[in-house]
Amino acid sequence: MSYLLYYWPTIQGRGEFVRLALEDAGAEYVDVARKNADGMGIDALLEVMHSADSTRPPFAPPFLRDGDVLVAQTANILFYLAKQLALGPEDEAQRLWVHQLDLTIADFVVEIHDTHHPIGGGYYYEEQMPEADRRSRVFLKERLPKFLGYFERVLRNNRSSDGALSNQRICTADLGLFQVIAGLRYAFPVAMAEADKRYPRLIALHDAVALRPNIAAYLRSERRIPFNENGIFRHYPALDAIAR
Ligand SMILES: N[C@@H](CCC(=O)N[C@@H](CS)C(=O)NCC(=O)O)C(=O)O
């Protein structure tokens with residue numbers, strides 16, 4: 001049976017971290033909100049989320065249904081899928097370590113999002129430009145190097161011969177870091193211009209993931225939604241120019 005992935009249909013967003021895991025493993029899945037058929041589409045997503053008598057409603061997309069299992073929160077979905085799809089280590093301590101990395105990536109994603117929406121998602125970027133400028137300055141100066149420096153150090157100390165993080169099989173955090181690097185290069189090309197010198201292991205990991213056959217095929221397919229200015233990674237030249 002196919003996994004059912006529920007996520008907004010026009011952006012990569014947090015759903016992309018789940019798509020990458022499913023795609024890398026070659027799993028069958030339906031991207032429910034992007035399908036135009038009975039029981040599919042955004043209405044199906046909203047119905048699961050807002051069902052009045054559900055005992056375990058998801059607060060927000062992405063969420064995933066696998067038969068009787070309904071699981072939300074990106075890192076939690078990845079923790080579930082890692083076991084299902086044999087992605088990453090089997091050992092419990094290592095599984096928790098990868099989960100910890102996925103949660104740290106989730107924290108990073110919040111901060112990346114907040115560069116263009118520091119006041120909140122209820123306002124357009126254009127309504128919070130001065131605050132976005134201020135937030136991006138701090139992000140590019142302090143937070144970006146802190147997060148990327150951390151992951152670079154983790155890679156230095158853990159990297160296996162094939163470039164993956166976990167010393168064993170490729171894991172969800174490898175795929176997540178691929179997505180973060182790809183997204184940051186799209187959003188902040190100026191700030192990321194020297195990334196290959198500062199974070200060579202992270203860039204090598206990104207490149208290795210991009211070459212994995214299932215990922216390469218996915219990136220070429222229409223299933224990969226292009227980065228755009230509605231998602232988490234947005235390219236606003238004014239914010240990136242701060243890095244000059
Ligand atoms: N911590 C959650 C965050 C989920 C989240 O913020 N989802 C966004 C889309 S990427 C959303 O639709 N949020 C609606 C809301 O927060 O009201 C996760 O990592 O999955």
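Our estimate of slack between ASP107 and ALA210, defined as 0.36 nm per intervening residue step minus the Cα-Cα distance, is 34.8 nm.
Here the dipole of the chain is about 840 debye; that uses its Cα centre as origin and unit charges on the Cβ of Lys and Arg (positive) and Asp and Glu (negative).
Net charge near TRP8, counting Lys/Arg +1 and Asp/Glu -1 over other residues with Cβ under 10 Å of its Cβ?
Details: positive: ARG14, ARG34; negative: none.
Within the 10 Å Cβ shell, the charges total +2.
Rounded to whole numbers, the Karplus 3J(HN,Hα) couplings from phi for the stretch 169-175 are 8, 4, 10, 4, 5, 4, 5 Hz, using 6.51 cos²θ - 1.76 cosθ + 1.60 with θ = phi - 60°, and x at Gly and Pro.
Surface composition of the chain: carbon plus sulfur atoms contribute 50% of the solvent-accessible area (1.4 Å probe, protein chains only, all chains present). When nucleic acids and ligands are ignored and a 1.4 Å probe is applied, ILE105 ends up with an accessible area of around 10 Å².
If you look at the Cα atoms of the chain, you get an Rg and a Dmax of 17.9, 53 Å. Around VAL138, what is the net charge, scoring Lys/Arg as +1 and Asp/Glu as -1 over all other residues with Cβ under 14 Å from its Cβ? Result for the neighbourhood of VAL138: +1.
Centre-to-centre, using Cα atoms only, the stretch 67-96 and the stretch 171-244 are separated by 23 Å.
The values are calculated or read from the model by the stated rules, or taken from the named source; none is laboratory data. Nothing here was measured: the structure is a model prediction, and the numbers come from that model. In this analysis, Cβ positions are derived from the backbone assuming ideal geometry, glycine residues included, and neighbour counts consider all displayed protein chains. Only protein heavy atoms, including side chains, enter the accessible area calculation; ligands, DNA and RNA are left aside. Shrake-Rupley method; radii C 1.70, N 1.55, O 1.52, S 1.80 Å.
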